[in-house]
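Working notes, structure below.
The values are calculated or read from the model by the stated rules, or taken from the named source; none is laboratory data. This structure is a prediction, so every number in the text was calculated from the model and none was measured. Neighbour counts run over all protein chains shown; Cβ positions are idealised from the backbone, glycine included. When the accessible area is computed, the model is the full protein with side chains, heavy atoms only, and any ligands, DNA or RNA have been set aside. Shrake-Rupley method; radii C 1.70, N 1.55, O 1.52, S 1.80 Å.
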Amino acid sequence: MKKIFLSCVLALSFLIGHTSSAADKKSDSTQKHALFHVGIGFGMDYGGLGLKVEYLPVKYIGVFGGVGYNFFRPAISGGVLLRPLPDAKIQPIALAMYGYNGGINIAHQGNNLALYDLEDVSKNYYGFSTGIAGELKMGRNENRLYLAVLYPFRSKEFRDNYDKVKASPVVDLKSDLLPVTFSLGFTFPIRSGR
């Protein structure tokens, strides 16, 4: 699992670094940047399927909050994005966040859940996550296509409850838990008139 994560990180870093250096030479460094960006997408940083708002006090650093629905319950997240090449057409991003990073949803199984101590495991779980991302600027208005790979540091409570669910004979898991998650979104700027 760690090898897969490291391979994804290295491949994305190489791709972003290689294309950003060429794009950075062509960009106009005097262009004014929008203070706010609003996006729609899916992933942990969007709270599932939802909205994300980013505030850029300086063009190299963004602070974001996301709210969404993970097909089970509403979820939220918030964090910081570091943008080392903010004027490049393809921007590499490092991010850290706290928020929704796991969920368990067990369909009602009658009284069987109580027998296996699974009554209170169906909920959203929160914790820290880190990751890398890339944004592709589209057009002159700073519209962006966003793709991220996130590594969640899931809580002991989540891991213990997930193991209980996995071992239970009354719950049929359809897939295993992935070590990384992915986010995909589209953002557009909100001009502030500065």
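Between Val80 and Lys123, the simple label model (points 7 Å from Cα in the Cβ direction) yields a spacing of 2.9 nm. Shape summary of the range 128-175, radius of gyration then Dmax from alpha carbon positions: 18.2, 56 Å.
Protection proxy ranking, highest mean first, for peptides 35-45, 121-131: 35-45, 121-131, where packing is the per-residue count of other beta-carbon atoms within 10 Å, averaged. When the accessible area of the range 141-183 is split by element with a 1.4 Å probe, what percent falls to carbon and sulfur? Taking all protein chains in place, the range 141-183 shows 57 percent carbon and sulfur surface. With the simple model of a label 7 Å out from the Cα in the direction of the Cβ, Tyr55 to Glu157 spans 2.8 nm. With the simple model of a label 7 Å out from the Cα in the direction of the Cβ, Asn105 to Phe36 spans 3.0 nm.
Subtracting the Cα-Cα distance of Lys174 and Met138 from their residue separation scaled by 0.36 nm leaves 9.2 nm. The charge dipole of the range 130-194, taken about its Cα centre with unit charges on the Cβ atoms of Lys, Arg (+1), Asp and Glu (-1) only, comes to about 380 debye.
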